[in-house]
Amino acid sequence: MTAPFLSLAQIRNRLVLTARAILRDHRLGPEGRCPICRTADCSVATAAREVLRTA
């Protein structure tokens, strides 16, 4: 289905799946930094955690 025809539950589910994928990609490495952003406090992962917390 295309976006205009998605229910709110479907949109929420897609946001959750996207947030989980982001957290997998931005998981801290052995040196304690995000392998993509190269920072200790990855703002992308923080935003994904907030999406999961509010969903």
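A Cβ-based charge dipole, computed about the Cα centre of the chain with Lys and Arg at +1 and Asp and Glu at -1, lands at about 120 debye.
Put a dot 7 Å past the Cα of residue 20, heading toward its Cβ, do the same for residue 47, and the two dots end up 2.1 nm apart. Extending 7 Å from Cα along the Cβ direction at residue 55 and again at residue 9 yields two label points whose distance is 1.5 nm. Only one of [x] 25, 13, 8; [y] 28, 10, 7; [z] 45, 14, 4 was calculated from the structure for semi-axes √(5λ) of the Cα gyration tensor in Å, and its label is [y]. Relative to the longest principal axis of the Cα atoms of the chain, the long axis of helix 43-54 makes an angle of roughly 40 degrees.
Taken together, the values in this text are just the output of simple stated rules run on the coordinates, not laboratory data. If you're wondering where the values come from, they're calculated on a predicted model, not measured in any experiment. Methodologically, a virtual Cβ is constructed for each residue, glycine included, from the backbone with ideal geometry; neighbour enumeration extends over all protein chains shown.
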